[in-house]
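Peer 1: Sharing a structure here in structure tokens format.
The values are calculated or read from the model by the stated rules, or taken from the named source; none is laboratory data. A quick note: this is a predicted structure, and the numbers were derived from the prediction, not measured. Because the Cβ atoms are built from the backbone with ideal geometry, glycine has one as well, and the counts that use them run over all protein chains shown.
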Amino acid sequence: MAAVGDLTVWKFAVPITDQPVVEMPGWPQILSVAATSPRELALWAVVDPDAEPVRHAFELRGTGHPLGRVGSHIATIQDPPFVWHLFEADPAAPPACGHWVEGQNGAVIHAAVFACRVCAEYHGGEAGRG
């Protein structure tokens with residue numbers, strides 16, 4: 001981890017999709033999420049620029065859409081005429097491809113943060129099993 005003075009705020013694009021994945025250094029502190037233009041979202045986060053990049057999985061829902069299994073709420077974003085709600089990915093929910101992977105400690109975890117060898121879809125990290 002960097003010294004406090006070495007941290008900085010960076011801006012990251014957030015794709016408008018049910019399960020956006022955003023690559024950011026390490027484990028950032030998310031400060032804000034906003035629409036930067038119609039149908040374009042961005043988040044700002046405190047990052048350690050020297051940290052290894054990590055693909056972070058989220059869940060994005062429009063107002064009135066079923067939530068399904070989501071993690072903690074991060075932000076509500078006004079993008080007229082739409083209103084989006086960004087959540088952490090629920091680590092217990094199956095990923096879009098329906099596959100699970102084995103984590104470093106052998107536990108079966110959410111594939112949204114790992115790569116899926118079964119469908120060859122990249123979910124954000126290590127390769128796993130279906």
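Peer 1: Please state which one of 75, 57, 89, 93 is surrounded by 12 or more Cβ atoms within 10 Å (Cβ to Cβ), hydrophobic (A, V, I, L, M, F, W, C) and at pLDDT 95 or above.
Peer 2: Going through 75, 57, 89, 93 in turn, just one is surrounded by 12 or more Cβ atoms within 10 Å (Cβ to Cβ), hydrophobic (A, V, I, L, M, F, W, C) and at pLDDT 95 or above: 75.
Peer 1: Identify, please: which residue in region 8-45 is in contact with a Lys or Arg (Cβ under 9 Å, 6 or more places away or on another chain), without any contact (Cβ under 8 Å) to a residue 60 or more places away in the chain and of a type in the set (A, V, I, L, M) and is, among those, surrounded by the fewest Cβ atoms within 10 Å (Cβ to Cβ)?
Peer 2: Only one residue tops the list, namely 42.
Peer 1: For residue 41, which of the numbered conditions (1) under 20 Å from residue 24 (Cα atoms); (2) in contact with a strand residue (DSSP E or B) (Cβ under 7 Å, 6 or more places away or on another chain); (3) at pLDDT below 95 fails to hold?
Peer 2: Exception for residue 41: condition (3).
Peer 1: Any residue at all in region 15-31 that is over 18 Å from the mean Cα position of the chain (by Cα), over 23 Å from residue 79 (Cβ atoms), modelled with pLDDT under 90 and part of a loop (DSSP other than H, G, I, E, B)?
Peer 2: Within region 15-31 (the criterion being over 18 Å from the mean Cα position of the chain (by Cα), over 23 Å from residue 79 (Cβ atoms), modelled with pLDDT under 90 and part of a loop (DSSP other than H, G, I, E, B)), the answer is no, since none of the residues qualifies.
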